[in-house]
Each structure stands twice: as structure tokens, then as C-alpha cells.
Amino acid sequence: MSLATDLRSRAETLGQSLPALLAEAEHLAATLMLGEHGRRRAGQGDEFWQYRPAHQGDAARSIDWRRSARSDAHFVREREWQAAQSVSLWVDGSRSMGFSGAKDRAPKLDRARVLALALAVLLLRGGERVGIAGLPPRPGRAQIMALMDALERDLATDDYGSPQVVGMVPHGRAVFLSDFLGDLDPIETALTAAADRGVKGVMVQVLDPAEEDFPFDGRTIFESMGGSLRHETLKAGDLRGRYLDRLATRKARLADLARAVGWHFHTHHTGEPAQMALLWAYGALEGGR
Amino acid sequence: MISGLAFAAPALLLGLIALPILWLLLRAVPPAPIRRRFPGVALLLGLKDAEAETDKTPLWLLLLRALAVAAAIVGFAGPVLNPVPKAEGTGPLLVLFDGTWADARDWQRRVDRAAVAVADAGRAGRPVAVAVLTDAPDAPDFQTAEAWAARLAGLSPKAWVPDAGWAKALPEGDFDTFWLSDGLDHAGRADLLAALSDRGAVRVFQSPRPLFALHPARFEDGAVQISVSRLPAGPETEIEVIARGPDPAGIDRELARAKLTFAAGEARAETALTLPPELRNRVQRFEILGQRTAGAVSLTDDSLKRRKLALIGDGADKEGLQLLSAMHYLRQALAPVADLVDGGLTDVLAAKPDVIVLADVPRLTQTETDAMLDWLEAGGLLLRFAGPKTAAADTGLDGDTPLMPVRLRQGGRSVGGAMSWGEPKSLAPFPETSPFFGLVVPEDVTVSSQVLAQPDPDLPQRTLAALADGTPLVTRREIGEGQVVLFHVTANAEWSTLPLSGLFVQMLERLTVSTRPATPKAEDLAGQIWVPERVLDAYGQAVDAGETAGVQGSELAVALTEGPVAARPPGLYAGAERRVALNVIGAETVLAAAAWPATVPVEGLDAAPEQDLKGGLLALALVLLAVDIIAALWISGRLRAAGSAAVMLIALGLGVPEAHAQDDFALTATTGVVLAHVLTGDPQVDEIAQAGLAGLGDRLRERTAVEPDPPMGVDIETDELAFFPFLYWPITATQGQPSDAAYAKLNRYLQTGGMVLFDTRDGDMAGLGGATPESETLQRIASGLDIPPLEPIPNDHVLTRSFYLLQDFPGRYTDSSIWVEAAPADAELSEGMPFRNLNDGVTPVIIGGNDWAAAWAVDQSGLAMFPVGRGYAGERQREIANRFGINIVMHVLTGNYKSDQVHVPALLERLGE
């Protein structure tokens, strides 16, 4: 086989192994133009940070003579501190995430996965380390494939899930993507555990617009996606006001929780474009620096 | 039963019992809920419904469903409003039809009603017989109902009255009678009713529809008198009577129409219809509009026709000697009954009269003779009277003269006078072959002088009337289709007393000289066989009589007074010389309503007909069920999706025809300013015009506030011109002439403020002398337009300053002069103004030949299409041409705004004064 056909076959193989999720995530990530960023303080790194006057204890080698020649004192070149951060992702894979309010909308899980992978792509490009439940955080492009495999698991059997704190690296970052419609106590526990480890992060609540509007009326029997919960009503339209109140209360509680532990909380609807959530999440993750 | 309501299948009404059970079922069974998978159910747990609403069907939905089911059940039970009562009884049933012309107004309804009665009798097992009273009396044939049901369709009404002999033709034995009467009282009805009542129960069916009868038209006081009777005499109504006859091409057509109004409670209405004599002579029948019976049709015979008669005498009548004048008696006899034409013979022949009477005119010139012979060949009647001049003339001395029926002896003879032997002669009875046969000769008619005929072999055949001694008094010869008749006496009383007697008038009538009275009397009809030409059926249709036998005159006279019978059907009867119409309704016929005794039930006179409610109720049930579907969907909350689909369907269905209603042309023309050019038929010229106006539009858009839409081509024949402020008309040599409608449109356009720019495009040739083909075309086209006087454009015309200040108006050429509406003669320059105030308005036309469209034309990319001039001067010329175009459009859109005084200071400044 000549070189050209070998290259081609390899390229095709590579192309086949690129699944839609990754393509979408890369596409989404590409919409955000970012530069390399630092930590805005002096430390080890590549980027120039500032000149400071040399004082006792600095090695003679570290004096920047060009700058010093311009003035009478001696200056040391400082570099920006850049350290790879560990980010661990959690995507709620429970059955409630498989809900889609309309035929033309993808289920919430798809949106959550895309967001997670796009975020991972961005972070890995920025040199961070990204991990997920079961995968310790590692840098580099190869981690994307591993992340993708971990994400593309089928839905779990229970209705509502709770985040796992096991693989979190202390003083790292975390991203929770879920609808947070289940019991809030496990979430509170997880958050406190993460806060104990010094992990700061971001909670993105992914909701379907139908869950936000509650457009149901008439005699209805509501069931949860896994079938464990059931509620029957004669006039669904009447429940709307109270449902929305409860939803708002829940969101408020989640926001309070997040604030208490120093995290960020945001609600995203699958009807909106994903860039908005990605932009927010990325900004919230970096805001701590 | 509820009064007026009956049920065809009342057993089904038992289903209504099931309604309460249905109610209970529906109440007990709630509507089905929807199942939804919803993760947010975690938030719903613990919420209770606001109202303690039952999970049963809501009450209104229940009522709706119950109503739908009830409507369906009642509908299937077949309710009928105002049902037809059924007959009870056993024994044979006789169904009698009157079958007269009065039945023809709703014959089908009667047959249907009879079919229902026959079917009922068949179901009850009774033998049935059907008889029609206008047929010849015959014992009715009782058979099974099925046998008669098939024959019912073949019955038809007849145009005469029922036969009176039916009372005797009825068989013995008992039977019930169902009599479908026409509502009129005919002779013998009471006897028949008595005979039928003896044999069993009698029920009568009458139709409530009104009956109209048209009496024969008469001619009185210069108009045709028409009268109509009606039964019953009800509220005020109006009917129309039309006169039908052949038009000059021979096609049967409506000739005239008259309206008659019946006052409330009146049974008779009359009106007079004036017709010109030509139309009157052509009328063949009168009909009442909308009625299809023989009683509404009245045939006209010759009684309405008036002959056109020309009386030509022997020179001017001397005053004071009227009673001696030959024409006096003729005029007295004929003026009331014929149209007299006066004049010389050639003039009279040109008027094509029916009869020409020559009183003592023995000789005619050759041309007159030839003309007269032609007229005779075509069927005229020449009536000649003798006199002294005829006696003295030597006509007939050597051979037949063309215009005398016999050869005359010169001199005549005198009898019973002072100088002669014998008594004045009286008339012999008329021979059978003579048209006068049957007329009674009064005793005081004597003849004292006459001209004599030569005793030729064919004299007896030509003699119509003779004196007692056999001498012919009236002779006749046929020429072609016409005839010449000679009275051997004078037309006045000099030679005989014949003109003084009534016999004279009758003889003239017999000779078809004058019109007849309305009803011919028995003696007029006697002695001839009258053969029917056309026969009326009961519906008033005239059919060809075919081989129907002729009728004696005496019988016809009887029928004229008493009405037609089977042997003498109504129609048009032709005799030897004239035609008589026998109509169903005579002049004196009165429509009498049949009076039934109280023991005889009469049906059919109620106002309300039978109405079947089944269809309506079932439709109501369907509609309610459809509403129920929507209601059920709404209850269960599924309506949003279904509703939006339904609303979309309805909107689609209703929205489709909306688009067609708009006139796209009008819309494109009026949504903005559109410059238009007239389509000339030459595609190249049209293209240049379009491009020119497009270029002008670009310039306007760049430089002014006017932003025109793309230009449109206008066809002056078909398109509306009022949408366009300005029409550019390029003239080609081959342009067609606009039609009259197009000229009318153009004139209206010019009068209401439009402007046309005529461009003959021959500016390079026009100055060289001679008319170019384009200018000839322009003259041809403009000849039909209403253009005011024109003059070459003056220097201070508003076009020179309406946007730009211009002095000349070039297009592609510069030479041609521009013509605009002439200024009024009194327009003068006032003090301090740089221009005169000319026309208060827009000039309707601008005529020139500088080919402006080519100068304005730009192509798609905005570059000029045609070269103008050469080099820089050419471009300058194009610029001036563009400026001229802008000036024209501004002038059109703003009028003579720039002639306003307010612009004067600025203009003075610009003009440098």
C-alpha cells in the first residue's frame, strides 16, 4: 500500500471513530474564541507577568539585564503562574434526564452531554486536566475520547441521580450538570463534601421548556420517567401556578446552597442555544482565578 | 298525535326511554385521563386540586349528548309536519281526475297525490279504478292497485270541459270516491256528485294554487284590450301578459308585454295594450307569463289584423258633394276597421298595402300597370268599382285587359231609371261557390245601372254575385297570388242602393277587405267546413293538428259560444278565406268556484304543505355529535393541538380564494408612482420605452423626492389608464388605430388630468420637409382624441422651470419642436414677473419628435443604452434630456406649481435679473 492510500485509510478510520457527540462538542467549543489565560499572579509559567526589583536572595542569573540597563536598579522578570487545573465533571444520567417536552427537542441528557464535552474540550485546550466519574483528571487530547466513552452510557434506572464526590481532586474544580428535580439532600451532602475538600465549581440545571412552562391541562395522570412517582389530577391547569412556585423555590434553594459553598448556579433550557450555557459555565469556572 | 305532526315509524320513539339510562351511564363513567411522563412530578407531589370537582361528566356535556341522541331517535322515527290524511274504509276506490285545462297547472302534484291514494288502497287490499272526466264516459274498470299505479303516469289533462255524461256511466255497487277536482264548477257536476254520494263516501282534493284565465283580446279604441280573470279573488297581485308572434325572420318571439294588476278581492283585471299596426298584425297568441295552462293562452285569428287599404279615386273630391263622392261610402265602411293609406298610385304601391280600391279609374299608365301586376302577383287584392268613366272607356274591347276581371261592354246599361224599361233589379241569392254564400240579401238592395260584362265562356266561373236576371254584379279573376274584383256598380249610391246597405259591408268583409268583429256570428261561419290548423293541448302548447277532421261552421259557432269539446278542440280553424280561433276561455266565460256540500271533506286547501322533518333532525343530531367531539377534547385538555390543526385547516380552506380576488395589475400600478408607456406592438420600441422610463426613474430617484416604481407597459384597449399620472407614447409608422372604447378611455384620461407625451422619434428627419410616416400616424391617432388647441412651447412655459431651468428639450435629437397646449389668448406678462401665468393646470399632451426614451434608456447595469450626439456635447445633451424628463414628471405631479408667485424672487435670482 502506498503512502497516500495508507494515509487515507487511516484518515477514514479516524473519521469513523469520531462520533457525533464529539463533533458537536468541538463545534460548540469552536464558537468560543479564547486565548491562553494565566492566573494573574506571579509564578512558574511561560507568559511574562511583570518586572520586579531584585532583592536579597534572588539568583544572579535571574536578573533581566535589558530592563535593568535602562535604569539604576536591578530587575527580575517574573512569569505568570500557570498551573494546570483539575476539573471533574458530573453529568446526571438518571431517567429524568431522558425527558423531552417536544418531538423536535433533544432530551435533556443530550444537551448536558454536549455541554460537558464541549467544556472538556475547551479546558483541555487550555491545558487543564479534566476527569469524570471513574476517570481521574488527565490533560491532553486523548482524554477527550476517554471522556466521551464515559459519557455515552445509557440512562440509569433510577429517576433522579446524585453527584459523586469520589474522584474530585482537592482544590480543583467541579461541574455538575443535572436537572436537580430529585431530592436535594444528596446534592447538599455532595456540595458540603466538595466544599470540605476545597473544590469550587459550577452547577448547571438543564431543564426542558415544558418543565418550565407546565403547559398541561385537563384530567391527567403524571408519572415520573422511571415510573416510581405518580400523581393524578383532574384539572392540570390549576396546578400550574403552584408547580411554578415550587420550581422557583427549588431554584432559589439551589442558588442559596451554591452561594453558601462558593459555587455558581445557572439554569439552562434545552430550547435555548447551547453556546449561552457554555459561555456562562466557562466564565464561571475561570472566574475564580 | 300533536296537531300537524305525525310519525312514520312511531315505535322508534320508545328509544327515548333509553335516554335516562344513557344519562346515568354517562354520569357514572368519567372521561378518560391522559397519561404523561413528566420528571417534574416530584414537584407536584402533595398538591391537591383546587375544586372538589367531580370526576363525572360535566352537566352541559351530558345535556349535549342527550340532546344529540334524542334528536337522532326522533329523526329516525320519521316525523312529518302537516301530514296527508290517510283514507279509511273498505270496498273499491274510484279515483277521479277532472283532467281539464285547470288541472294542468299542477298536474304532476295531482298524479302524485293519486298515486299515494292508490298505494294506500293497494296496501289496504282495495280494488281501484282511475277515470278522467274529460275522456268519453265509460264504466270505470276496477283492478288491483299495482295495475293502475303503472298507468297513472300516462294520464294527461285535456283542454276542454268534462263530459256531462259521466253521472250515467257509473256502475252499480258501492265504492268510495277520491275526486281530484280542478276547483271549477262545470256543468253536470252536481249530478255527478249526487250519483257518487249515493254509492259511497266522497273525498275531494283541490289545489290551492290560483287559476288565471285570459279572455280573447279585442281591438277597441285603437288599442288591444286584454282582460284576465282569476280564481280565487285574493290579495292584490300583478301578472304579465305577453304577445307572441313571428318576427320578420320567421322566428317565434315575444312581441309585447303588458302588466295587469288585480285589486284586492277583484276577480277580473283589464288593460289596454297599444301596439303599432305592424306588430299587431303579426301577433299570433297572447299568454299569461308563468302559467302553463290552456286557459292562460289566447290565440288570435284574423280579428286583430287590420288590413292596409289604399283608396284611389277619380281626382279631388269636390267640397259639398261628399255624399255623391265615390269614396265616401267606402271610407265610412272601411275607416273603422282598416288602416287607410292615401296617396298617388306609385306612392301607395311602395307602401305595400293589402288592398287597393280603385273607384272608377278605368285606365292606368303602363308603368303603373306593371307595378300593379307585380303587386298582384305577390298577393294583393285589387277592388275596382265601376262608374261613368269605366262605362265610357273601351276597356276589354279587344281582349282581356290585365287589370279587369272580365271584358266589359262599352256603355253599361240602365234599368229602372226614368228612361228605361223595367224595375231596378234586385240581387239573386249567392251561389255556393261564391265567398258571399250564406249572406242574407236584404230586399231593399236594388241596382239601377251597371256595366255589363261580355259573355265569355269563363264568365260564370268569375262571377261572385249576380242580379236576379243572372247578370253578373261582382266578378273576380285571380292573378298570381292576388285577385282583381270588380263591382259592376259604383261605390256610391248613384247606380245602386248596395253601398247604403249592410250587405255592402258584409260583402267587403267576405272579400277579406276589412277586419272582422271579435266573435264571428253563426251566419258568418255557416256553410263552410273549418279545418283545424293548430290545436292547443291542456298545457297551452300549440301543436300541428295533423289529420284532425274538419268541423261544420254551425258546430263551430256552437263551440265558440259554449266552449270546446273533444270533437272540437281549441285551436286555430281555417276556412276558405279566413281563420277563426277557438279558445278555451271565451269573452264571457266566468270562472266559478266549485261549491262542495259540507258532507264532502276537501283537502289540499291548507296553506302548509307536508314537511318531512326527518332530515333536519338527523342533521341536528350530527351537528351536536360533532360539537360533542370538540367538547370532549376540550375537557380532556387535548384541544390545543387538535384546535390549532383545525384552525389551520379552516384558514387554509378559506384563504385560498382570497388571493384571486386582487387585481395584480391595479395593485402594482397604484402602490407607488408608476411611469407608463403605451404598448405599440413593436417589441423593440416597447423595450426602448421601458428602458427609457426605467432610466428616467433612476434619475428621479437620485435627484428628486419622487421615487417611482419600475415602469409598466399599458395596453390602451384593455388596461385602466387612470392609475398612471403620465403616459409615454412612442409613435411607430405601423401602429394600429385605437378602438372606440380605447378612444373613450383616452379622452376621459386626458380630461381628468392625465398627460400623454407623444414621441414620433423622427427628429432627425422631420425638419427636412414633408410628413414622415410617424407624423401621419400621429395625426391619424390624434384625430380621435379630444385635444385642445396646441402651440409650440413658449419660452415661459412652466415646463422650462418646473425643476430645472431649461431652454431646449432635446432627446436623442434636438431639432424637433415641442407642442403643448396653447396658452389662452389673453395671457400677458404682468409687471415684475419673469413669466406669464399660462394654463392653470397640466397640459394634456406634449408632442415632439426628439426620441426621449432612447436618450433616457439605461440597461440592467445602469449604463446608457444608446449614444446621444458625440463626445462631451453628446453627454451634455443626454443630461439636458434627463433634465427635461424630470421636468415633465414634476410638471405632471405638481401642476403649474412653479408658476406660483412665491417662486418669483428665487427665479429672478437664478435667472440673474
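Coordinate-derived values only; no laboratory data. Since this is a predicted model, take the numbers as computed values, not measurements. Here the Cβ positions follow ideal geometry from the backbone for every residue, glycine too, while neighbour counts run over all protein chains shown.
Under 5 Å between amide hydrogens, which residues at least 5 positions from B:GLU533 or on another chain qualify, with H placed 1.01 Å from N in the peptide plane?
B:LEU572, B:TYR573, B:ALA574
What residues have an amide H closer than 5 Å to that of B:VAL845, excluding those fewer than 5 places away on the same chain, when H is modeled at 1.01 Å from N in the peptide plane?
Those qualifying (amide H under 5 Å, at least 5 residues apart or on another chain) are B:VAL756, B:GLU821.
Using a 10 Å cut-off on Cβ to Cβ distances, tally the other chain neighbours for every residue of A:212-221 and report the average as a whole number.
Partner Cβ neighbours, averaged per residue: 6.
Over region A:68-179, what is the mean sequence separation of C-alpha contacts under 8 Å (at least six apart), divided by residue count, expressed as relative contact order in percent?
Relative contact order, region A:68-179: 41 percent.
Report the relative contact order of region A:41-81, percent, no decimals, based on alpha-carbon pairs under 8 angstrom and at least 6 residues apart.
59
Please list, in chain and number order, the residues 5+ apart from B:TRP179 or on another chain whose amide H is under 5 Å from its amide H, with Hs placed from the backbone.
B:LEU96, B:ARG203, B:VAL204, B:PHE205
Could you work out [θ]222 nm for the protein assembly as shown from helices alone, using -39500 (n - 2.57) per DSSP H run of at least four and dividing by all its residues? Round to the nearest 500 deg cm²/dmol.
Taking each H run of at least 4 residues, the total per residue is -9500 deg cm²/dmol.
Over chain B, one equal point on each Cα, no solvent: what is log10 I(q)/I(0) by the Debye formula at q = 0.06, 0.10, 0.11 Å⁻¹?
Debye curve over Cα of chain B, log10 I(q)/I(0) at q = 0.06, 0.10, 0.11 Å⁻¹: -0.86, -1.04, -1.17.
Rounding to the nearest 20 debye, state how big the charge dipole of the protein assembly as shown is about its Cα centre with +1 on each Lys and Arg Cβ and -1 on each Asp and Glu Cβ. Could the numbers behind the result be given before it?
Details: 112 positive and 152 negative charges, 1260 e Å.
Approximately 6060 debye in magnitude.
Could you sort out which of B:LYS305/B:LYS425; A:LYS108/A:LYS251; B:LYS389/B:LYS425; A:LYS108/A:LYS235; B:LYS259/B:LYS352 sit more than 29 Å apart by Cα distance in this structure?
B:LYS305/B:LYS425; B:LYS259/B:LYS352, as the Cα separations exceed 29 Å there.
Order by neighbour count: B:MET755, A:MET97, fewest other Cβ atoms within 10 Å first, most last. The partial results should precede the final answer.
Numbers: B:MET755 22, A:MET97 29.
Exposure proxy ranking, most exposed first: B:MET755, A:MET97.
Expressed as a rounded percentage, what relative contact order does chain B have, with Cα pairs under 8 Å and six or more residues apart? Don't skip to the end; give the middle numbers.
Details: 1719 pairs, mean separation 87.7, N = 913.
Normalised by residue count, the contact order of chain B is 10 percent.
Other chains near B:807-816: what is the mean number of their Cβ atoms within 10 Å of each residue's Cβ?
What the average comes to for B:807-816 is 0.
So how do B:305-311, B:591-597, B:173-179 stack up, highest first, on mean other-Cβ count within 10 Å? Working shown, then result.
On the way: B:305-311: 21.6, B:591-597: 14.0, B:173-179: 19.3.
The peptides rank, most packed first, as B:305-311, B:173-179, B:591-597.
Could you give each residue of region A:250-265 its phi-based ³J(HN,Hα) in whole Hz, using Karplus coefficients 6.51, -1.76, 1.60 with θ = phi - 60°, and x for Gly or Pro?
My calculation for region A:250-265 gives 5, 4, 4, 5, 5, 5, 5, 4, 4, 5, 4, 9, x, 9, 10, 10 Hz in order.
Provide a whole-number value for the mean count of partner chain Cβ atoms within 10 Å of the Cβ atoms in peptide B:487-496.
Averaged over the peptide's residues, the number is 0.
Please identify, among A:GLY101, A:GLY227, A:GLY57, the residue showing maximal mean-square fluctuation in a Gaussian network model of chain A using a 10 angstrom Cα cutoff.
A:GLY57
What does the charge dipole of region A:41-81 about its Cα centre add up to, to the nearest 20 debye, if the Cβ of each Lys and Arg holds +1 and the Cβ of each Asp and Glu holds -1? Provide the component values of the computation, followed by the final result.
Working: 8 positive and 7 negative charges, 22 e Å.
Once rounded to the nearest 20, the dipole reads 100 debye.
Which of the trypsin sites (Lys or Arg not before Pro) found in region A:108-146 are loop residues per DSSP with 14 or fewer other Cβ atoms within 10 Å of their Cβ? Numbers along the way, then the final one.
Values: sites: A:LYS108, A:ARG111, A:ARG113, A:ARG125, A:ARG129, A:ARG141; in loops: A:ARG141.
Answer in residue order: A:ARG141.
Where the convex hull is taken over the Cα atoms of region B:324-393, what is its projected area averaged over directions, in nm²? Can you show the working numbers first?
Details: hull surface 20.2 nm².
For the Cα atoms of region B:324-393, the hull's average projected area reads 5.0 nm².
Taking just the alpha-carbon atoms of the protein assembly as shown, what radius of gyration and Dmax come out, in angstrom?
57.2, 196
Taking θ as phi - 60°, what are the ³J(HN,Hα) couplings along region B:876-882 by the Karplus curve (6.51, -1.76, 1.60), each to the nearest whole Hz, with x for Gly and Pro?
5, 5, 5, 4, 5, 4, 4
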